[in-house]
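Structure first, then comments.
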Amino acid sequence: MNRPSDSQQPVSRQQQEDSAVKTLPPSYRTLYLILYNAISALLWSVVLGRVLLITAIHGHRYVFAGVGEWTKWTQTLAALEVVHAGIGLVRAPLLTTLMQVASRFLLVWLIGHNFPSTVSTSPAYTTMLLAWSVTEVIRYSYFAVNLAYGGVPAFMTWLRYNTFFVLYPLGISSECWLVWASREAGISKFGEVWGWFVYAVLAVYVPGAYVLFSHMMVQRRKVLRSAREKKDI
C-alpha cells in the first residue's frame, strides 16, 4: 500500500505551537524533513533503477536476489514516518501511515525474508517493486522540493496526484498475490495457522486499500482545487 499524500508535510504554525514537539526550531524541523525526503527519494531511485536493469538483462526471477536486501532496509527506514506522525512532526494521519508501513513490513520482512524462493519466482514481486519505487521517488521528491522551495513545478504535482490511479492498483494487487502465494510455504513452515493468517491479511487489505485510496482522492481534490484558485487570482 502507498502512504498518504501529506505524510511528510510539516505541521502548520499553529499545530507546531500546540504540538509536543517544541524542542526543535521550525527551521531545523524543515531541514530534517528535506534531508529525510531527499535521502529516501535517492534510495528508492536505486531500487527503481536496479529493478529495471535486472529485469531487462536477466528477467524477473533475478530481481529479488539483486535488490531484495536493499529494498528491505530502504523500506525499514520508513518506520520513521510512523514516528513523525506520532509526535506531530508532520501532519499525516497516524492510522493510515501505520497501515501502510505495516503492510510494507509484512511483505519485505515476514514474507520476503521467510519465503525468498516463493517471492523470487513470482513476477508480482517485480511489479510490486515497480509500483512502490515509482510512487516513492515521485512522493519523496515532491516533498523535498516543496519543503526546500515552498512550491513544486506543475509537472510534479500532476505526477503526484495522478499516477496513483495506476500505481496503487498495481502495487496492491501485487502485494495480495504475494501474500496468497506464500500460503503453501507458510503452512509448511509455521503450520495451519499461517493459512488463517493469509486469509485474515487479505480480508483486511480490501477495506485498508479503500481507506488509503479514498484519502488520496481527498488530498487530490484539495491540491487541484487550490491550484485552480491560485491560477484564477
>> Yes or no: region 126-144 includes at least one residue that is modelled with pLDDT under 95, in a helix (DSSP H, G or I) and among the small types (Gly, Ala, Ser).
In response: no
>> I'm checking my understanding of the structure. Among residues of region 67-92 that are surrounded by fewer than 16 Cβ atoms within 10 Å (Cβ to Cβ) and not hydrophobic (A, V, I, L, M, F, W, C), which one is nearest to the chain's Cα centre (by Cα)?
In response: 76
> helices (runs of 4 or more DSSP H) wholly in region 154-233 with at least 3 residues that are within 18 Å of the chain's Cα centre (by Cα) and more than 17 Å from residue 138 (Cα to Cα) - which ones?
Replying inline: 164-181, 192-232
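The values are calculated or read from the model by the stated rules, or taken from the named source; none is laboratory data. These numbers come from a predicted model, not from an experiment. Ideal geometry is used to build each Cβ from the backbone, glycine not excepted, and the neighbour counts take in all protein chains shown.
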